[in-house]
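Have a look at the structure below, then the notes.
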Amino acid sequence: MRDAKGTYLNLTLLFFFIMLVSGFISLAINYTKAYRVKNNVLSYLEKYEGNTSYNDMLEATYRYSRSVGYRAGQDALGKAEAEGYTCPTYNGEPIGWCYKKNAPVVSSSELGELPIKKFTVDIVVFVNLNIPVIKQMLSRFKFFWMSGTTSQIPIMD
């Protein structure tokens, strides 16, 4: 009987260790996907001068996020929208990132030039950790949110 209890304990510890390691691997993979998507979205926003409704930009970010296997959960998108972010869609399907345009600021001019208005765009992408128990415990925190900001984009009047 003693051997059966020892075997049960060893198997339980082994199972727990395997689950812990695979959870860390899953987190690392999904964090890398979200980081790559964030950088890609920031570069496209700067390329298209902060125009978040431009269809080519939305299509490019959608295709890239799908090519790396990135998907954001609906609950994360809903929480971001509740905090004032706008989450774009492409062909009715959420892309998986949200943005918030900041108020324009007037930059100081050099050598008597006219001042230029510039703005930035804050974005947020989400690390999709699809392990039910962990997701329920940590869903209230912004631990799985990854934010970024574009460089200043000039407004052409």
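The values are calculated or read from the model by the stated rules, or taken from the named source; none is laboratory data. No experiment lies behind these values; they were computed from the predicted model shown. Cβ coordinates were reconstructed from backbone atoms using ideal geometry, including for glycine residues, and neighbour counts include every protein chain displayed. Calculation scope for accessible area: heavy atoms of the full protein, side chains included, ligands and nucleic acids excluded. Shrake-Rupley method; radii C 1.70, N 1.55, O 1.52, S 1.80 Å.
Structural remarks
- Pairs where the first residue, in the range 27-42, is surrounded by 15 or more Cβ atoms within 10 Å (Cβ to Cβ) and the second is part of a helix (DSSP H, G or I), C-beta under 6 Å, 6+ apart: VAL37/SER65; ASN40/TYR64; VAL41/THR61
- TYR99 being open to solvent by less than 70 Å² (accessible area, probe 1.4 Å), touching a strand residue (DSSP E or B) at 6+ places or on another chain (Cβ under 6 Å) and closer than 16 Å to SER43 by Cα: yes
- Which numbered condition PRO88 fails, given (1) in contact (Cβ under 8 Å) with a residue 24 or more places away in the chain; (2) under 18 Å from PHE144 (Cα atoms): (2)
- Taking the criterion of being in contact with a strand residue (DSSP E or B) (Cβ under 9 Å, 6 or more places away or on another chain), assigned to a helix (DSSP H, G or I) and of a type in the set (Ser, Thr, Tyr), the residues of the range 50-69 that qualify are THR61, TYR62, SER65.
- One residue from ALA28, ALA4, ALA82 being under 22 Å from THR149 (Cβ atoms) and among the small types (Gly, Ala, Ser): ALA82
- Applying the set (1) within 18 Å of the chain's Cα centre (by Cα); (2) closer than 16 Å to ASN130 by Cβ to MET19 leaves exactly one unmet item: (1).
- Residue in the range 70-78 that is assigned to a loop (DSSP other than H, G, I, E, B) and exposed (fewer than 11 other Cβ atoms within 10 Å of the Cβ) present: no
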